[in-house]
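Below is one structure; the comments refer to it alone.
The values are calculated or read from the model by the stated rules, or taken from the named source; none is laboratory data. On a predicted model such as this, the values are computed, not experimentally measured, just so you know. Cβ coordinates were reconstructed from backbone atoms using ideal geometry, including for glycine residues, and neighbour counts include every protein chain displayed.
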Amino acid sequence: MKRLLLFALFALLASAQMRVPDAEQFVGPPRGTPLTGAALETESHTLASMLRCPVCQGLSIADSPSEMAINMRGQVRELLQRGFTHDQILTYFEHSYGQFVLLKPKFRGVTSFVWTLPLLVLIIGVAIVVMKMRKMQSVPT
Amino acid sequence: MSRTVLLFGGIITAALIAILYAALGNDPQHIDSPLVGVAAPNFALKQVGSAANVDLASFRGRPVVLNFWATWCRPCWEEHPLLTQAAQLSDGRVQFVGVVFQDDEKKIIQFLQQRGWAYPTLVDERGKTAIAYGVGGVPETFFIDKNGTIVAKFDGPMSSEALMTNVQKAMR
C-alpha cells in the first residue's frame with residue numbers, strides 16, 4: 001500500500017511538471033461556455049469538419065482516420081470542454097498551421113480572391129451578355 | 001466576336017496563366033510556417049528513458065535545433081546520423097532536442113540504442129506539442145535562436161548543407 005501511494009505521488013509530481021503548449025497563451029482565456037454531452041459532440045464534429053487534416057489529401061480531421069487527425073480532434077474536443085469559442089479554436093490552429101488548415105479560407109489577403117474572383121467573373125459575364133443583347137436589339141431588322 | 005469579349009477573355013486567361021506559372025516552381029508538400037519569426041511555444045516533456053521532464057525554456061541563451069521525428073518514419077532514419085553527429089560536434093554550443101511523434105517509448109529506446117543517442121529525446125503524448133508547432137509530417141525541424149524565437153523551419157530529411165545554413169541563422 002505504501003509503495004502504491006509512493007508510486008501515485010511520483011506519477012502526480014511527474015505529470016505536474018509536464019507542460020504542453022496551451023491554446024490560452026495564443027488566443028487568451030476561454031470566452032465561451034464549457035460544453036458537455038450532446039452539445040459537445042455536435043460542436044466537436046462541426047469544428048472538426050472545418051479543419052484540414054495536414055497529412056491527408058483534402059480531408060477534414062472529422063473524416064480522416066489518421067492518428068494526426070485523431071489527436072487534433074481530441075484537442076478540439078478538449079478546448080470546447082474548457083469553454084473556448086469556435087473562433088478561438090480556429091485561430092489557435094491557424095496560429096500553428098497557417099490558413100492552410102482552414103477548409104473554408106478566411107476573407108482576407110490573397111484568399112479574398114477565392115471569394116471575389118468568381119463573383120467578378122460572373123458580373124463581367126452578365127455585363128457582356130447585356131451589352132450584346134442591347135446591341136442586337138438596336139440593330140434594325 | 002466583339003473586342004470587349006476578346007479583351008476580358010484575354011485578361012482572365014492571362015491572369016490564370018500567370019497564377020499557374022508562378023505556382024509551377026512550388027513544392028506542394030511545403031507550406032510556410034506562420035511560426036517563423038515568433039516565440040517558440042514552450043513545453044516541458046518527459047525525456048525518453050527517464051522520469052525527468054525537459055523544459056525548452058531551460059535552453060534559453062543558446063540556439064536550439066528542435067527535431068520532430070518517429071521511429072516508423074524512414075526519412076527520419078536517414079536524417080538521424082547527421083543530427084547525432086552534428087550534436088556531438090557542436091559540443092553543447094547548439095542544443096539539439098528530439099520530440100518523438102506518435103510513437104512507443106520502448107521502440108524509441110531500442111532505436112536510439114542501436115543508432116546513437118546524442119541529445120535529449122522527448123515524448124509528445126497525444127501530439128499536443130506537435131500540433132502547437134503545426135507539424136504535419138515527420139521529420140520536421142525548427143531552428144530557435146538564443147532568445148527563443150523560431151528563425152527557420154525545415155520539412156523533410158535535411159542535408160548537412162541545409163542543417164548548417166539553418167543553424168547559422170539560429171546563431172545570428
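For region B:132-162, a residue qualifies if it is touching a strand residue (DSSP E or B) at 6+ places or on another chain (Cβ under 7 Å), in contact (Cβ under 8 Å) with a residue 60 or more places away in the chain and hydrophobic (A, V, I, L, M, F, W, C), and the qualifying residues are B:Val135, B:Val138, B:Phe142, B:Phe143, B:Ile144, B:Ile150, B:Val151, B:Ala152, B:Met158.
Taking residues in region B:1-19 that are within 10 Å of another protein chain (Cβ to nearest Cβ) and within 27 Å of A:Met136 (Cα to Cα), and partners anywhere that are modelled with pLDDT of 80 or more and loosely packed, with under 12 Cβ neighbours inside 10 Å, the pairs with Cβ atoms closer than 9 Å and at least 6 places apart or on different chains are B:Ser2/A:Lys135. Criterion applied to A:Ser44, A:Ser49 was being more than 9 Å from chain B (Cβ to nearest Cβ), outside any loop (DSSP other than H, G, I, E, B), within 22 Å of A:Arg31 (Cα to Cα) and out of contact with any helix residue (DSSP H, G or I) (no Cβ under 9 Å at 6 or more places or on another chain), and the one residue passing it is A:Ser49.
Suppose we keep only residues that are in contact (Cβ under 8 Å) with a residue 40 or more places away in the chain and β-branched (Val, Ile, Thr) within region A:71-117. Which one would you say is farthest from the other protein chains (Cβ to nearest Cβ)? Looking at the filtered set, the residue picked out is A:Thr85.
A:Met68 falls short on exactly one of the conditions (1) more than 11 Å from chain B (Cβ to nearest Cβ); (2) part of a helix (DSSP H, G or I); (3) touching a Gly at 6+ places or on another chain (Cβ under 8 Å); (4) not small (Gly, Ala, Ser), and that condition is (1).
Scanning region A:118-127 for residues that are away from every other protein chain (no Cβ under 13 Å) and surrounded by 14 or more Cβ atoms within 10 Å (Cβ to Cβ) gives no hits. Meeting the requirement of 2 or more residues that are away from chain A (no Cβ under 11 Å) and not hydroxyl-bearing (Ser, Thr, Tyr), the strands (runs of 3 or more DSSP E) wholly within region B:108-155 are B:140-144, B:150-155.
For region A:107-114, indicate whether the set of residues that are surrounded by 13 or more Cβ atoms within 10 Å (Cβ to Cβ), at pLDDT below 90 and over 16 Å from the mean Cα position of the chain (by Cα) is non-empty. Among the residues of region A:107-114, at least one is surrounded by 13 or more Cβ atoms within 10 Å (Cβ to Cβ), at pLDDT below 90 and over 16 Å from the mean Cα position of the chain (by Cα), which makes the answer yes.
A residue that is surrounded by 16 or more Cβ atoms within 10 Å (Cβ to Cβ), at pLDDT 85 or above and among the β-branched types (Val, Ile, Thr) occurs somewhere in region A:87-94. If you check B:Ala44, B:Ala87 for being at pLDDT 95 or above, surrounded by 12 or more Cβ atoms within 10 Å (Cβ to Cβ) and within 12 Å of chain A (Cβ to nearest Cβ), only one passes: B:Ala44. If the condition is being farther than 16 Å from B:Thr84 by Cβ and within 11 Å of the chain's Cα centre (by Cα), then region B:137-150 contributes B:Gly137, B:Val138, B:Glu140, B:Phe142, B:Phe143, B:Ile144, B:Ile150.
Yes/no per residue for (1) under 25 Å from A:Gln17 (Cα atoms); (2) modelled with pLDDT of 95 or more; (3) buried (at least 18 other Cβ atoms within 10 Å of the Cβ):
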site	(1), (2), (3)
B:Asp55	yes, yes, no
B:Phe68	yes, yes, yes
B:Gln95	yes, yes, yes
B:Gln102	yes, no, yes
B:Ile109	yes, yes, no
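Within region B:157-170, can one find any residue that is modelled with pLDDT of 95 or more, within 14 Å of chain A (Cβ to nearest Cβ) and not in a strand (DSSP E or B)? No, region B:157-170 contains no residue that is modelled with pLDDT of 95 or more, within 14 Å of chain A (Cβ to nearest Cβ) and not in a strand (DSSP E or B).
Out of A:Pro29, A:Pro34, A:Pro21, I need the residue that is out of contact with any helix residue (DSSP H, G or I) (no Cβ under 8 Å at 6 or more places or on another chain) and outside any helix (DSSP H, G or I). Which one? A:Pro29 is the lone residue from the list that is out of contact with any helix residue (DSSP H, G or I) (no Cβ under 8 Å at 6 or more places or on another chain) and outside any helix (DSSP H, G or I). Of the listed requirements (1) farther than 30 Å from B:Thr4 by Cα; (2) in contact with a Phe, Trp or Tyr (Cβ under 9 Å, 6 or more places away or on another chain), A:Ile128 misses just one: (1).
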